[in-house]
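Okay, structure first, notes after.
The values are calculated or read from the model by the stated rules, or taken from the named source; none is laboratory data. Everything numeric in this text was worked out from a predicted model, so none of it was measured. All Cβ positions, glycine included, derive from the backbone under ideal geometry; neighbour counts span all protein chains shown. Side chains are part of the model used for accessible areas, which takes the heavy atoms of the whole protein and leaves out ligands, DNA and RNA. Shrake-Rupley method; radii C 1.70, N 1.55, O 1.52, S 1.80 Å.
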Amino acid sequence: MEFTAQQIAELLGGTLDGDPSVKVNSLAKIEEGQPGSLTFLANPKYEEFVYSTSSSIVIINEAFVPEKEITATVIRVKDAYKSFAILLDTYNKISSNKTGLEHPHFIVDSAKIGVNPYIGAFVHVGENSEIGANVKLYPGVYVGDNVTIGDGTILFPGVKVYSETIIGKSCRIHAGVVIGGDGFGFAPQDDSNYLKVAQIGNVIIEDHVEIGSNTTIDRATLGSTIIRKGVKLDNLIQIAHNVEIGEHTVIAAQTGIAGSTKIGRFCMIGGQVGIVGHLVIADKVKIAAQSGIGTSILRDGEIVQGSPAFSIAEYKKSYVGFRKLPEVLTKLEELEKLLKEI
Amino acid sequence: MEFTAQQIAELLGGTLDGDPSVKVNSLAKIEEGQPGSLTFLANPKYEEFVYSTSSSIVIINEAFVPEKEITATVIRVKDAYKSFAILLDTYNKISSNKTGLEHPHFIVDSAKIGVNPYIGAFVHVGENSEIGANVKLYPGVYVGDNVTIGDGTILFPGVKVYSETIIGKSCRIHAGVVIGGDGFGFAPQDDSNYLKVAQIGNVIIEDHVEIGSNTTIDRATLGSTIIRKGVKLDNLIQIAHNVEIGEHTVIAAQTGIAGSTKIGRFCMIGGQVGIVGHLVIADKVKIAAQSGIGTSILRDGEIVQGSPAFSIAEYKKSYVGFRKLPEVLTKLEELEKLLKEI
Amino acid sequence: MEFTAQQIAELLGGTLDGDPSVKVNSLAKIEEGQPGSLTFLANPKYEEFVYSTSSSIVIINEAFVPEKEITATVIRVKDAYKSFAILLDTYNKISSNKTGLEHPHFIVDSAKIGVNPYIGAFVHVGENSEIGANVKLYPGVYVGDNVTIGDGTILFPGVKVYSETIIGKSCRIHAGVVIGGDGFGFAPQDDSNYLKVAQIGNVIIEDHVEIGSNTTIDRATLGSTIIRKGVKLDNLIQIAHNVEIGEHTVIAAQTGIAGSTKIGRFCMIGGQVGIVGHLVIADKVKIAAQSGIGTSILRDGEIVQGSPAFSIAEYKKSYVGFRKLPEVLTKLEELEKLLKEI
């Protein structure tokens, strides 16, 4: 695929400075650009490269004032980073336009498949499941019985969706994700054995959700585990039964959320965080990586760290104290001695 | 499926108070019940809902004395929570009764399949493997060579079982679980390279074990990695080579246990715990979430927290001190000043 | 398979003491050896067993001087542990010599498969992908478009390799691993929504890399996520977009490395470690399990612990202080009282 500077400027609604007919066929980082590639300058730290880059086209912010001559063709836009993201997305859509049916696959008669699907080889779709329009099920995807998948959603290779799950529109669910496995519930019995609590709820995933590779989302015991619209989950995350995650909340890799906890909207949760069950986390809360959350966070916008976590500013002070502890112990001994002498 | 109050009271051995012919077709939480649903009251916190619920049937403890009238039909049992678990389980068994063979699958001639199986599409069973009676292998399950799987065990979609693995009866192994991958063993060589230590042991999983989605259990270098009967493992857990986990121990999500560690019986291990290799953990030990275990725990019933972990009571006191550290530093400075003045 | 002591001594270049015609058909731990098995003594802790073992052959270090008679046939080598590793490896190679094609599989016409392959059932290979000689693709492996896989590499069941990935020679990639899923990149927008940053880079894995079950390695936003030769990754590890891991670095299970961080050569990283994005870690650095790395480590060979981590020696001292904190608080109060009295 090749595009001219003119085409790209039009796509982005930007203004062009330089040769409008110059062509590019790849995207590059500004410090690695080659002739024929397009790059961008968003972070001022990289300004020096804008003058020396070998890229043929560079996208910059309208507000940016160059200190020297830029040899590449320049496209000025309001937000260079966002424009580049749009270009990447366009490029991606053009290059991953799989459609059609590969064989063998296993789709039962009672299942409904929408228009213009991609059904990879070795895909399984169970009884009464309804797959929307323009859905892509990559090879080896498993869809159980009574599942609904909305228009434009992509399930990458080997995603497993248990029965009764509802998935919205325009979701991207990466390879190896498991949705709807049993919640972890066992009732202790008199003889110290455990009786399994059957898990008959389901999982609901709303529109525009992205889920990273090998993440697991358990079905509810009763009712639904719910991932609200726009939520972004990274890889290897654990979402337990009956959890609810509010709209547009973003969670980094390897975090785990225990049963029945309800997370607010627009939260940002770092990697390897653990949140215990039956809590409520307010909106716009930020949780530092590796934190452990043992009590509800009821104030919007709070920022916490530690295990157990508390206010990040206080945590940082306590941690300074932790590093000084050997010194503290020495001083304390000295003071004791001094006092005894007195 | 529809059941009368009479049928349910008989199944549970409970006593009935109200209309025995009322019918239900779903299970619900007490605060969300609709007509036609069955619910239960176990936690006294929810007592208010027992009077206002729209559910048609409610299960309560024999010992519970209502303060007002309950409009729903009531079934009294010894333990309402356990009875509800039994109902859920019955419901589950009836609704997930898959049997028969889907095509294509790949089962070699030397493999033996027991009576009444469910073999999903794209299942692979290797040389000399023996699958018991009433086993369900969901679509995309891989079973290697010389594997044994006991009666009534269920492998959900995409479970991968390497060669030589032995799995007991009535186990439930969720989607994406990997059993029998190589242990992580490398012998450092003079030139700082690593020589792989071949892993020729296997994995043994006893009866009534449940394993959550995408958990991994490595084969032993020599001998066996062993999961004893009744063990319950949550999602995304890592069990390294030659580990042994004692009967009826329960482990929450994302915990990792390093090579050759031996865990006792009836332990309860929280989420995101790390346990280093070559340790012994006694019976009935409890380990708080996110703890790190660096030394053996030899006393039965010990409860620990922290990384590295120690007695939970002491840990909580130390953590109080951690939060007060900024204050401690200030006081120490003041005392120093005062003493100098003296 | 059966081998004589003579054959084994020749394979290892060792000297033989005892019956050269004794035969073995299995490998065993020294404390568990049975007649017909071969074992070894490397760790002096196990010396007692060398005199009592029922194994038919035992491999020992040249330097080892027995205190009593050893009844088994003895093979003396320079390094018993390494020799045993070689034997295990030889045994493994002989016993896992799968070749040929199982059906059905799905390989497009434009894909190239090298000589002597093993292609399991339900394998998918996409457009223009090139698979080297002696490669094994176990059942259910997915290989996307434009992928290259080097000679002798093994992909165990259900490995998913997204398009554009490059994998070197003699790699072992365990079941459920996902390579090349989207990096986790979203540009915040004015309305607090997120715009997905398309991820058009790829993943490069060099020769002799081993990757444990269900580990995930994301593709780069631009450029490549790179795993250098000889790297060993355990299970359930998260490698984010644009990360680079230096030659022969070893990482234990459940560790996560955030975007664009560059790890040096010959590092040893414990389990459940978290490393934030955009850092540089020098060569031969060691990081204790469960540590959190928030800043670059620029000195080769540094050893760190804690979250956030610092020098392991200082960390251990601070942790001693942490355990004494309740005592510190008490003493501080006493001193205050005393001073007030004065």
- prompt: Hey, what's the per residue convex hull volume over the C-alpha atoms of the range A:144-275, in cubic angstrom?
  reply: 95 Å³
- request: Would you mind listing how long chain C runs along its three principal axes, going by Cα atoms, in whole Å with the largest first?
  value: 83, 74, 30
query: When Lys and Arg each count +1 and Asp and Glu each count -1, what net charge do the other residues less than 14 Å away from B:GLU127, Cβ to Cβ, add up to?
result: -3
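Kindly identify the range B:72-155 as rounded, prolate or oblate by the Cα gyration tensor criterion: order the square roots of the eigenvalues as a ≥ b ≥ c, call it rounded if a/c is under 1.5, otherwise compare a/b with b/c, prolate if a/b is larger, else oblate. Walk me through the numbers on the way to the answer.
On the way: a/c = 3.94, a/b = 2.71, b/c = 1.45.
Since a/c reaches 1.5 and a/b is larger than b/c, the shape of the range B:72-155 is classed as prolate.
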Label distances, nm, B:LEU11 versus same residue in remaining copies, Cβ-directed 7 Å point: 5.8, 5.8
message: Can you pull out the trypsin sites (Lys or Arg not before Pro) in the range A:1-95 whose DSSP state is coil and whose Cβ has at most 16 other Cβ atoms within 10 Å?
response: A:LYS68, A:LYS78
task: Restricting things to alpha carbons, tell me how big the range C:69-119 is in terms of Rg and Dmax, in Å.
output: 19.9, 65
statement: What helix-only [θ] at 222 nm does chain B give? Using -39500 (n - 2.57) per DSSP H run of at least 4, over all residues, to the nearest 500, the answer is -5500 deg cm²/dmol
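Using a Förster distance of 51 Å, how high is the FRET efficiency between A:GLU48 and C:ASN25, based on the Cβ-Cβ distance and rounded to 0.05? Let's see the in-between values first.
Details: r = 67 Å, r/R0 = 1.32.
The formula returns an efficiency of 0.15 here.
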query: Using the alpha carbon gyration tensor of the range A:113-183, what are the three equivalent-ellipsoid semi-axes (square root of 5 times each eigenvalue), largest first, in whole Å?
result: 16, 13, 11
- prompt: Roughly what would the spin-label model give for C:GLN189 and B:THR330, points 7 Å off Cα along C-beta, in nm?
  reply: 4.6 nm
query: For chain B, list the DSSP H helices whose alpha carbon atoms reach 20 Å or more along the long axis and whose average Kyte-Doolittle value is -0.5 or above?
result: B:80-95, B:325-341
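Taking a 1.4 Å probe, which of C:PHE106, C:PHE310 shows the most accessible area, and what order do the others take after it?
C:PHE106, C:PHE310
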- prompt: Sorted from shortest, what are the nm distances separating the label point of C:GLU32 from equivalent points in the other copies, each placed 7 Å from Cα along Cα to C-beta?
  reply: 4.6, 4.6
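Kirkwood Rh, the range B:160-217, all Cα pairs: how many Å? Present the calculation step by step, with values, prior to reporting the outcome.
Working: mean 1/r = 0.0768 Å⁻¹.
After inverting the pairwise mean of 1/r, the radius is 13.0 Å.
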- request: Of all alpha-carbon pairs in the protein assembly as shown, indicate the percentage at a distance above 39 angstrom.
  value: 49 percent
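Counting only protein chains, not ligands or nucleic acids, how are A:LYS98, B:LYS286, B:LYS317 ordered by accessible area (probe 1.4 Å), most first? Mind showing how you got there, number by number?
Working: A:LYS98 50, B:LYS286 90, B:LYS317 120 Å².
If we order A:LYS98, B:LYS286, B:LYS317 from most to least accessible, we get B:LYS317, B:LYS286, A:LYS98.
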query: Of B:SER296, B:SER260, B:SER318, which has the largest mean-square fluctuation in a 10 Å C-alpha GNM of chain B?
result: B:SER318
message: Over the Cα atoms of the range C:187-342, each weighted equally, I'd like the Debye log10 I(q)/I(0) at q = 0.10, 0.16, 0.17 Å⁻¹, rounded to two decimals.
response: -0.46, -0.86, -0.94
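Report the local net charge at C:LEU335: Lys and Arg +1, Asp and Glu -1, summed over other residues whose C-beta lies under 12 Å from its C-beta. Each step should come with its number before you reach the end.
On the way: positive: A:LYS331, A:LYS337, A:LYS340, B:LYS331, C:LYS331, C:LYS337, C:LYS340; negative: A:GLU333, A:GLU334, A:GLU336, B:GLU334, B:GLU336, C:GLU333, C:GLU334, C:GLU336, C:GLU341.
Charge balance in the 12 Å sphere: -2.
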message: Excluding ligands, DNA and RNA, what is the accessible area buried between chains C and B, summed over both sides, using a 1.4 Å probe, to the nearest 100 Å²?
response: 5000 Å²
query: At C:HIS278 and A:VAL115, where each label point lies 7 Å from the Cα along Cα→Cβ, what is the point-to-point distance in nanometres?
result: 4.5 nm
message: If I model a spin label as a point 7 Å beyond the Cα along the Cα-Cβ vector, how far apart are those points for B:SER170 and A:VAL320 in nm?
response: 5.9 nm
message: I'd like the distance between the alpha-carbon centres of the range C:82-153 and the range C:296-333, rounded to an integer number of Å.
response: 48 Å
- request: Run through the other copies and list how far each one's label point is from that of A:LYS45, in nm with one decimal, shortest first; the point sits 7 Å from Cα along Cα-Cβ.
  value: 4.5, 4.5
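Step by step: find N for the range C:1-160, compute 2.2 N^0.38 Å, then divide the Cα radius of gyration by it. What's the final number? Write out the running numbers ahead of the final one.
Working: Rg = 21.5 Å, N = 160, 2.2 N^0.38 = 15.1 Å.
So the Cα radius of gyration is 1.42 times the expected 2.2 N^0.38 Å.
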field: Once the Cα gyration tensor of the range A:18-101 is diagonalised, semi-axes √(5λ) in Å
entry: 25, 14, 11
message: Give me the net charge for the shell around C:ILE113: Cβ to Cβ below 13 angstrom, other residues only, Lys and Arg +1, Asp and Glu -1.
response: -1
query: How big is the antiparallel share of DSSP beta bridges in the range B:139-274, given as a percent to the nearest 5?
result: 10 percent
- prompt: Of chain A, which part is the longest with no GluC sites (Glu not before Pro) in a loop (DSSP not H, G, I, E, B) and with at most 10 other C-beta atoms within 10 angstrom?
  reply: A:70-342
